[in-house]
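Visitor: Below you will find the structure I want to go over with you.
The values are calculated or read from the model by the stated rules, or taken from the named source; none is laboratory data. All values derive from a computational prediction rather than experimental measurement. So basically every Cβ, Gly included, is an ideal-geometry build from the backbone, and we count neighbours across all protein chains shown. Ligands, DNA and RNA are excluded from the accessible area calculation, which covers all protein heavy atoms including side chains. Shrake-Rupley method; radii C 1.70, N 1.55, O 1.52, S 1.80 Å.
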Amino acid sequence: MGDVRKIYIVGNWKMNFTPGEASLYLHKLSKKVTPGKDIQIIVAPSMISLQTLSLQVNRREFKLAAQNINGRDFGAFTGEVSAAQLRGIVDYALVGHSERRYLFYEHDKITREKVAAALRNRIVPILCIGETLNERENGETDMVIRDQLIGGLSEVVKEDMDKVIVAYEPVWAISSNKDAKLATPDEVEDAVRQVRKHVAEVYGEKVAEALPVLYGGSINNSNAGTYLRIEGVDGLLMGGASLIADEFSSIVDIAKEVRDERD
Ligand code: 13P
């Protein structure tokens, strides 16, 4: 069909690996995983490993993402790391991951500042959004998607929207959550359509169409193909699977197959 949209495969390592382990793991990954045409592989190690890995990584193969950033550039913010400090070390940053929202009480004002800080510092924000099980059961999915999306993007001007990625990750589908369950392709397709609809309302159809929208939640090598083939899904944000080199590399191979089908 001549569709050459990039496919993003993002591995969020969460709070795993010491810096030494992270370095060895990246080395292992770079031997196993071969990126293909139009496939962008991104890994998000712990903050403490980023600088070492930035010296080690071949940026033509893998890009680095921070799992979090602070929305201010410098100042008296004990324990925080800013996008200004990460500039040049990472190309991407996760913003508003549900673990940040629900375990560390980050609300939309904070995600908005972080998205703006990322852009100000030439880092592509990957804005994560998604509803809890309770919210889905109460019929609030679309409202949550809209609020988190519009809340997170409210300082972004149209000209910068080509430097933003959105990841839809329903909290109830994340593997580390008790009773996690797989989202159905219809549920994902619906949510991703809502994302583009809300973006179109603010920024217009063209921007919405061009926006990369990823899916995350219990991705593994048996379901990656299904999720990647959903209309409107431009890639995957994976947690657990990204910690296993064989799994990671077979998911990248699946992405290559999907990419080739689109030619
Ligand atoms: P899992 O792939 O382990 O469900 O984690 C998803 C996630 O939270 C990625 O950011």
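Visitor: Of I165, I254, I244, which residue is within 16 Å of the ligand (Cβ to nearest atom) and in contact (Cβ under 8 Å) with a residue 60 or more places away in the chain?
Guide: Working: I254 fails: in contact (Cβ under 8 Å) with a residue 60 or more places away in the chain; I244 fails: in contact (Cβ under 8 Å) with a residue 60 or more places away in the chain.
Matching residue, one of I165, I254, I244: I165.
Visitor: One residue is enough: does the stretch 128-142 have a residue meeting the conditions open to solvent by 60 Å² or more (accessible area, probe 1.4 Å) and of a type in the set (G, A, S)?
Guide: yes
Visitor: Restricting to the stretch 1-48, name every residue that is within 25 Å of P212 (Cβ to Cβ) and among the hydroxyl-bearing types (S, T, Y). Working first, answer last.
Guide: Initial filter on the stretch 1-48 (within 25 Å of P212 (Cβ to Cβ)): 1-14, 26, 29-30, 32-47.
Y8, S30, T34, S46 - these are the residues of the stretch 1-48 that are within 25 Å of P212 (Cβ to Cβ) and among the hydroxyl-bearing types (S, T, Y).
Visitor: Shifting gears a bit: Those residues that are within 18 Å of I230 (Cβ to Cβ), within 13 Å of the ligand (Cβ to nearest atom) and touching a Gly at 6+ places or on another chain (Cβ under 7 Å), I need them from the stretch 175-191; list them, please. Please lay out each step first, then the result.
Guide: Keep residues of the stretch 175-191 that are within 18 Å of I230 (Cβ to Cβ), which gives 181-191.
In the following step, the residues that additionally are within 13 Å of the ligand (Cβ to nearest atom) were identified as 181-183.
Selection gives A183 alone.
Visitor: Every residue in the stretch 153-189 that is open to solvent by less than 80 Å² (accessible area, probe 1.4 Å) and part of a helix (DSSP H, G or I), please. Steps first, please.
Guide: Let us first name the residues in the stretch 153-189 that are open to solvent by less than 80 Å² (accessible area, probe 1.4 Å), namely 153-154, 156-157, 160-161, 164-175, 177, 180, 183-185, 187-189.
Answer for the stretch 153-189, where residues must be open to solvent by less than 80 Å² (accessible area, probe 1.4 Å) and part of a helix (DSSP H, G or I): L153, D160, M161, V171, W172, A173, P185, E187, V188, E189.
Visitor: Hey, another quick one. Within the stretch 1-24, which residues are farther than 25 Å from Y168 by Cβ and either away from the ligand (no atom under 16 Å from the Cβ) or open to solvent by 70 Å² or more (accessible area, probe 1.4 Å) (or both)? Walk me through how you get there before you give the answer.
Guide: Taking the stretch 1-24 and keeping what is farther than 25 Å from Y168 by Cβ, we get 2, 17-24.
Matches in the stretch 1-24: G2, T18, P19, G20, E21, A22, S23, L24.
Visitor: Looking at the structure I just gave you, is E61 among the charged types (D, E, K, R) and surrounded by fewer than 19 Cβ atoms within 10 Å (Cβ to Cβ)?
Guide: On the way: among the charged types (D, E, K, R): yes; surrounded by fewer than 19 Cβ atoms within 10 Å (Cβ to Cβ): yes.
Yes, satisfied.
Visitor: Also, quick follow-up: Which numbered condition in (1) open to solvent by 10 Å² or more (accessible area, probe 1.4 Å); (2) in a helix (DSSP H, G or I); (3) more than 15 Å from the ligand (Cβ to nearest atom) is the only one that G232 fails?
Guide: Checking G232 against (1) open to solvent by 10 Å² or more (accessible area, probe 1.4 Å); (2) in a helix (DSSP H, G or I); (3) more than 15 Å from the ligand (Cβ to nearest atom), the one that fails is (2).
Visitor: Here's a follow-up. Could you please find all residues in the stretch 70-119 being part of a helix (DSSP H, G or I) and open to solvent by 70 Å² or more (accessible area, probe 1.4 Å)? It would help to see each step written out before you state the result.
Guide: Narrowing the stretch 70-119 to residues part of a helix (DSSP H, G or I): 83-86, 98-103, 108-119.
Those that are part of a helix (DSSP H, G or I) and open to solvent by 70 Å² or more (accessible area, probe 1.4 Å): Q85, Y102, L103, K109, R112.
Visitor: Within the stretch 192-218, work out how many residues are within 15 Å of the ligand (Cβ to nearest atom) and open to solvent by less than 10 Å² (accessible area, probe 1.4 Å). Spell out the reasoning first.
Guide: First pass over the stretch 192-218, keeping only residues within 15 Å of the ligand (Cβ to nearest atom): 213-218.
Still in the running and open to solvent by less than 10 Å² (accessible area, probe 1.4 Å): 213-217.
Number of matching residues: 5.
Visitor: N223 - would you say it is of a type in the set (S, T, N, Q) and within 25 Å of I110 (Cα to Cα)? Quick ask: steps written out before the conclusion?
Guide: On the way: of a type in the set (S, T, N, Q): yes; within 25 Å of I110 (Cα to Cα): no.
No; evaluated as a whole, the condition is false for this residue.
Visitor: Where residues in the stretch 219-229 are over 30 Å from E159 (Cα atoms) and either touching a residue at least 60 places away in the same chain (Cβ under 8 Å) or within 14 Å of the ligand (Cβ to nearest atom) (or both), which of them is surrounded by the fewest Cβ atoms within 10 Å (Cβ to Cβ)? Give the steps one after another, and end with the answer.
Guide: Narrowing the stretch 219-229 to residues over 30 Å from E159 (Cα atoms): 219-226.
If we keep only those that are either touching a residue at least 60 places away in the same chain (Cβ under 8 Å) or within 14 Å of the ligand (Cβ to nearest atom) (or both) as well, we get 219-224.
Values: I219: 28, N220: 15, N221: 18, S222: 10, N223: 18, A224: 24.
Across the stretch 219-229, the extreme among qualifying residues is S222.
Visitor: Given the residues D147, D162, D190, which is the only one that is over 21 Å from G235 (Cα atoms) and not β-branched (V, I, T)?
Guide: On the way: D162 fails: over 21 Å from G235 (Cα atoms); D190 fails: over 21 Å from G235 (Cα atoms).
Checking each option against the conditions leaves just D147.
Visitor: A further question on this structure: Residues that are out of contact with any Pro (no Cβ under 6 Å at 6 or more places or on another chain), buried (at least 18 other Cβ atoms within 10 Å of the Cβ) and in a loop (DSSP other than H, G, I, E, B): does the stretch 47-56 have at least one?
Guide: Checked against the condition, which is being out of contact with any Pro (no Cβ under 6 Å at 6 or more places or on another chain), buried (at least 18 other Cβ atoms within 10 Å of the Cβ) and in a loop (DSSP other than H, G, I, E, B), the stretch 47-56 yields no hits at all.
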